[in-house]
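The values are calculated or read from the model by the stated rules, or taken from the named source; none is laboratory data. Source: prediction; values computed, not measured. Here the Cβ positions follow ideal geometry from the backbone for every residue, glycine too, while neighbour counts run over all protein chains shown.
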Amino acid sequence: MKNLFDRSSLYNDSPYLSGQLLVAMPGIGDPRFEKTVICICAHSEEGAMGLVVNRVIENLTFPDMLKQLGIEAVPAAKKIQVHFGGPVEAGRGFVLHSSDYTHEGTLMVDEGVALTATVDILRDIAEGVGPKDTLLALGYAGWGGGQLDRELSTNGWLSVPADKELVFSTDLDSKWDRAMAKIGIDPRMLSEDVGHA
C-alpha cells in the first residue's frame with residue numbers, strides 16, 4: 001500500500017468512502033466484525049483504513065494506558081473507554097476526534113471529524129485540553145487496493161453517511177441498529193448469507 005492518507009479522497013465527488021460509516025451485514029462471516037460500525041478514515045485506490053466505533057476493550061482503561069506512557073491524568077480521564085479499532089496493528093493507538101483539535105499529523109477525515117495518532121493528543125486529553133469529542137482506539141481495520149470495493153459488492157457491508165452523534169455516542173450497544181435505521185433498513189429483514197439480498 002502506498003499512502004492511505006491520500007487527501008484527494010476527501011472531496012464530496014469522490015467515489016471513495018472517507019468520512020462514511022461501514023455497517024457490517026448479518027452473516028459477514030468474520031466474528032471480529034459481527035455487528036460492527038466502522039468509520040472510514042481514509043479510502044483511495046491504494047486501500048482503506050477505518051476504526052470500529054462500537055466495540056470496547058474490556059480489560060484496558062485509559063488511565064492504565066496513560067500510566068504505561070508515564071502520563072498523569074485528570075479524574076475525567078477515567079470515563080474514557082478504549083475501543084477495539086480493528087485487528088490490524090492492535091497495539092497502535094488512534095484517536096478519532098472532533099475537528100476542533102488539530103496537531104501536526106492530524107488527518108481531516110471530513111468537516112467535523114479528524115484522526116490523530118500521536119502521544120501528544122493523549123497527553124492533551126489527559127490534561128483536559130484535548131478535543132471536545134474523542135474516541136480512543138487500539139488497532140484499525142484495513143483493506144488492500146480494491147478489497148473493500150469487492151466486499152461492498154458482495155453485500156458484506158453497507159455504507160451509511162456519518163454523523164458526529166453516531167460516531168462519538170457512548171451508547172455502543174445500539175450503534176449498529178441506529179446506523180441501519182439511518183438508511184431505513186430493518187436488520188431483521190436482511191439475509192444472513194453474504195452475497196445475497
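One residue alone among 66, 21 is modelled with pLDDT of 85 or more, of a type outside the set (Lys, Arg), buried (at least 16 other Cβ atoms within 10 Å of the Cβ) and within 17 Å of residue 156 (Cα to Cα), and that residue is 21.
No other residue among 27, 86 is out of contact with any Leu (no Cβ under 6 Å at 6 or more places or on another chain), in a loop (DSSP other than H, G, I, E, B) and either under 13 Å from residue 140 (Cβ atoms) or free of Cβ contacts under 8 Å to residues at least 40 places away in the same chain (or both) apart from 86. For the range 115-129, which positions are in a loop (DSSP other than H, G, I, E, B) and either without any contact (Cβ under 8 Å) to a residue 24 or more places away in the chain or out of contact with any strand residue (DSSP E or B) (no Cβ under 7 Å at 6 or more places or on another chain) (or both)? Of everything in the range 115-129, those that are in a loop (DSSP other than H, G, I, E, B) and either without any contact (Cβ under 8 Å) to a residue 24 or more places away in the chain or out of contact with any strand residue (DSSP E or B) (no Cβ under 7 Å at 6 or more places or on another chain) (or both) turn out to be 118, 127, 128, 129. For the residues 173, 110, 149, the requirement of being in a helix (DSSP H, G or I) and either surrounded by 13 or more Cβ atoms within 10 Å (Cβ to Cβ) or within 14 Å of the chain's Cα centre (by Cα) (or both) singles out 149. Answer yes if at least one residue in the range 184-197 is in contact with a Pro (Cβ under 7 Å, 6 or more places away or on another chain), part of a loop (DSSP other than H, G, I, E, B) and modelled with pLDDT under 90, and no otherwise. Looking through the range 184-197, at least one residue is in contact with a Pro (Cβ under 7 Å, 6 or more places away or on another chain), part of a loop (DSSP other than H, G, I, E, B) and modelled with pLDDT under 90.
The rows are residues; the columns are (1) at pLDDT 95 or above; (2) touching an Asp or Glu at 6+ places or on another chain (Cβ under 7 Å); (3) within 30 Å of residue 30 (Cα to Cα); (4) among the acidic types (Asp, Glu).
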{"site": "75", "(1), (2), (3), (4)": "no, no, no, no"}
{"site": "80", "(1), (2), (3), (4)": "no, no, yes, no"}
{"site": "104", "(1), (2), (3), (4)": "no, no, no, yes"}
{"site": "125", "(1), (2), (3), (4)": "no, no, no, no"}
{"site": "129", "(1), (2), (3), (4)": "no, no, no, no"}
{"site": "136", "(1), (2), (3), (4)": "yes, no, yes, no"}
{"site": "140", "(1), (2), (3), (4)": "yes, yes, yes, no"}
{"site": "150", "(1), (2), (3), (4)": "no, no, yes, no"}
